[in-house]
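Have a look at the structure below, then the notes.
The values are calculated or read from the model by the stated rules, or taken from the named source; none is laboratory data. Only a predicted model underlies this, so the values are computations on that prediction, with no experimental measurement involved. Heads up, the Cβs are rebuilt from the backbone with ideal geometry, glycines too, and the neighbour counts pull from every protein chain shown. For accessibility, only protein heavy atoms count, side chains too; no ligands or nucleic acids. Shrake-Rupley method; radii C 1.70, N 1.55, O 1.52, S 1.80 Å.
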Amino acid sequence: MHITVIGTGYVGLVAGAGLADFGMDVICVDKDASKIEMLRQGRLPFFEPGLKELVDRHTANSRLSFSTDLRSAVEQSLVIFLGVGTPSDSNGGVDLSFIYEAAKEIAISLNDYRVIVTKSTVPVGTNRKIKAIIDQHKKQDVEVDIVSNPEFLREGSAVEDFMRPNRVVLGSDSSRALAIVKDIYRPLYLIETPFVLTGLETAELIKYASNAFLATKISFINEVANLCEKVGANVLDVARAMGLDRRIGPKFLHPGPGFGGSCFPKDTEAFVRIGHDFGSPVRITEAVMEVNRLQRQHMTEKVTNALEGNIRDKKICVLGLAFKPNTSDTRESAAIYLIKDLLALGAIVSAYDPAAIEEFQRCFPEMQIDYCQNPYDAATGSHAVVVMTEWNEFRNLDLERLKTQMTRPVLVDTRNIYDPAKVMALGFYYDCIGRMSCPSTS
Ligand code: UGA
């Protein structure tokens with residue numbers, strides 16, 4: 001079967017390569033000619049474990065190709081996947097212009113029955129609008145069906161998540177379209193992946209409800225962590241014991257500096273907007289966002305407290321700029337908020353990240369940061385080191401060496417990667433999230 005995937009970002013490229021692996025003939029289309037050229041040369045626009053191998057394999061066997069010619073791709077394909085970006089707009093809603101633009105372009109290229117599958121995360125009602133736009137702009141009297149197929153990939157394990165998803169959600173009014181798309185996913189069906197076949201609005205909502213719920217778990221445990229700090233409890237034991245209850249589960253109960261990334265902040269905001277728009281507010285998610293905002297602030301407070309309330313002209317070393325490990329993605333990363341605060345309070349900031357420095361520099365050229373080649377250089381002369389991302393590289397730092405290079409031995413560990421007793425035994429002032437903390441400096 002011939003398939004077109006529109007958009008070569010995270011969602012589109014992983015889907016394109018994954019579908020080629022399922023035996024489909026896939027054309028990945030993007031408007032950005034330089035991106036297509038890069039992909040044709042075998043280079044990927046972002047790093048994702050396992051993706052390059054998959055892309056290389058299927059370009060070599062001609063299952064996967066790249067093009068800027070949407071019209072010709074649509075003419076050849078029974079099924080067209082939409083994986084274009086849906087960024088936040090300036091009012092807390094979702095900017096759907098890329099989606100609607102793609103729908104118009106598909107419409108004018110239609111020459112036969114087609115199934116449009118939306119993978120991009122879109123608010124409730126969008127798929128019906130896509131159908132209306134296509135019906136309005138199509139040049140030939142051909143039928144089109146729409147399927148909502150939300151994506152649940154995590155950055156850093158996107159290929160694995162595509163190949164072995166917890167579930168596949170397909171929403172449509174058309175049983176014909178559902179059968180066609182289900183057939184595309186047959187390899188998953190064979191390994192007994194659960195399929196949820198449902199309506200359009202339900203599928204659209206499943207994606208937002210899932211991300212909002214995961215974000216809720218994080219904000220919940222962050223609040224519990226803050227309470228633990230007050231009562232002298234250990235959040236790791238609380239989370240572990242909670243997670244052992246199978247109804248709760250252990251995942252997404254790691255306290256930290258607040259969730260970031262390209263999905264949770266955007267999707268919780270959009271979910272709240274959807275609730276308002278339909279007159280059914282999702283107040284828990286509103287609170288989740290507020291708790292996340294406060295958690296980010298709390299990180300600044302921790303650093304400030306560690307330096308007796310005054311960080312003006314103090315050198316603070318930030319370890320980790322990516323929103324989570326194993327990615328160069330810095331979108332909505334907690335480090336952005338911390339560094340902005342530190343700079344506004346007059347601190348001098350140095351930073352190191354194993355993968356995200358270039359991206360951070362590109363996104364925030366206005367921030368005066370001394371980017372370093374390794375954690376020890378970044379820590380040299382600093383009054384505090386703050387771990388913001390739990391990269392493996394930071395888990396086994398030579399703390400004695402770090403201490404000798406610092407002006408003051410202060411370590412703020414926002415990911416709880418260190419054992420408080422061991423760090424404090426080395427003479428550090430150590431603070432972390434929701435475990436007993438030690439306000440003493442040697
Ligand atoms: C998230 C979801 O996990 C995916 O299922 C979903 O498909 C994706 O969004 C999306 O909508 O496209 P992702 O943004 O790649 O995936 O990252 P996560 O691993 O979920 O982490 C998000 C943020 O939460 C990170 O900042 C991470 O540090 C934080 N987090 C996660 C915690 O603070 N505590 C946890 O226990 C888990």
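Residue 13 passes all but one of (1) within 16 Å of the ligand (Cβ to nearest atom); (2) surrounded by fewer than 18 Cβ atoms within 10 Å (Cβ to Cβ); which number fails?
(2)
Can you tell me which of 389, 407 is open to solvent by less than 20 Å² (accessible area, probe 1.4 Å) and assigned to a loop (DSSP other than H, G, I, E, B)? Break it down stepwise before answering.
Working: 407 fails: open to solvent by less than 20 Å² (accessible area, probe 1.4 Å).
Within the list 389, 407, the selection yields 389.
Name every residue in region 10-40 that is of a type in the set (Val, Ile, Thr) and modelled with pLDDT under 95, in order of residue number. Don't jump to the end; show me each part of the working.
Residues of region 10-40 of a type in the set (Val, Ile, Thr): 11, 14, 26-27, 29, 36.
Once the filter is applied, which keeps residues that are of a type in the set (Val, Ile, Thr) and modelled with pLDDT under 95, region 10-40 yields only 11.
Return yes when residue 420 is open to solvent by less than 70 Å² (accessible area, probe 1.4 Å) and without any contact (Cβ under 8 Å) to a residue 40 or more places away in the chain and no when it is not.
Yes, satisfied.
Looking only at residues that are open to solvent by 10 Å² or more (accessible area, probe 1.4 Å) and hydrophobic (A, V, I, L, M, F, W, C) in region 123-145, which one is nearest to the ligand (Cβ to nearest atom)?
Narrowing region 123-145 to residues open to solvent by 10 Å² or more (accessible area, probe 1.4 Å): 123-125, 128-129, 131-133, 135-143, 145.
Of the ones still in play, those that are also hydrophobic (A, V, I, L, M, F, W, C) are 124, 132-133, 142.
Numbers: 124: 16, 132: 26, 133: 24, 142: 32 Å.
This residue is 124.
For region 151-163, give me each residue that is within 8 Å of the ligand (Cβ to nearest atom) and not small (Gly, Ala, Ser).
151, 152, 153, 154, 155, 161
Assess whether residue 263 counts as being touching a residue at least 12 places away in the same chain (Cβ under 8 Å) and near the ligand (Cβ under 9 Å from one of its atoms).
Details: touching a residue at least 12 places away in the same chain (Cβ under 8 Å): yes; near the ligand (Cβ under 9 Å from one of its atoms): yes.
Taking the combined requirement at face value, the residue satisfies it.
How many residues are open to solvent by less than 20 Å² (accessible area, probe 1.4 Å) and in a helix (DSSP H, G or I) when one looks only at region 242-264?
Quick first cut of region 242-264, residues open to solvent by less than 20 Å² (accessible area, probe 1.4 Å) only: 243, 249, 253, 255-261.
Narrowing the set further to residues that are in a helix (DSSP H, G or I) leaves 243.
Residues in region 242-264 being open to solvent by less than 20 Å² (accessible area, probe 1.4 Å) and in a helix (DSSP H, G or I): 1 in total.
May I ask you to say which residue of 50, 85 is on the phi > 0 side of the Ramachandran plot and in contact (Cβ under 8 Å) with a residue 12 or more places away in the chain?
Working: 85 fails: on the phi > 0 side of the Ramachandran plot.
50 is the lone residue from the list that is on the phi > 0 side of the Ramachandran plot and in contact (Cβ under 8 Å) with a residue 12 or more places away in the chain.
Considering only region 181-220, how many residues are away from the ligand (no atom under 16 Å from the Cβ), in contact with a Leu (Cβ under 8 Å, 6 or more places away or on another chain) and under 21 Å from residue 126 (Cβ atoms)?
The total comes to 3.
Hand me the list of strands (runs of 3 or more DSSP E) wholly inside region 294-372 holding 1 or more residues that are at pLDDT 95 or above and either buried (at least 23 other Cβ atoms within 10 Å of the Cβ) or of a type in the set (Lys, Arg) (or both).
Working: elements: 315-319, 348-352, 369-371.
Of the strands (runs of 3 or more DSSP E) lying wholly inside region 294-372, those with at least 1 residues that are at pLDDT 95 or above and either buried (at least 23 other Cβ atoms within 10 Å of the Cβ) or of a type in the set (Lys, Arg) (or both) span 315-319, 348-352.
Checking residue 223 against (1) surrounded by fewer than 22 Cβ atoms within 10 Å (Cβ to Cβ); (2) more than 14 Å from the ligand (Cβ to nearest atom), which single condition isn't satisfied?
Of (1) surrounded by fewer than 22 Cβ atoms within 10 Å (Cβ to Cβ); (2) more than 14 Å from the ligand (Cβ to nearest atom), only one is false for residue 223: (2).
Of the numbered conditions (1) in contact with a Ser or Thr (Cβ under 6 Å, 6 or more places away or on another chain); (2) more than 23 Å from residue 264 (Cα to Cα); (3) among the acidic types (Asp, Glu), residue 400 satisfies every one except a single condition; which is it?
If we test residue 400 against (1) in contact with a Ser or Thr (Cβ under 6 Å, 6 or more places away or on another chain); (2) more than 23 Å from residue 264 (Cα to Cα); (3) among the acidic types (Asp, Glu), just (1) comes out false.
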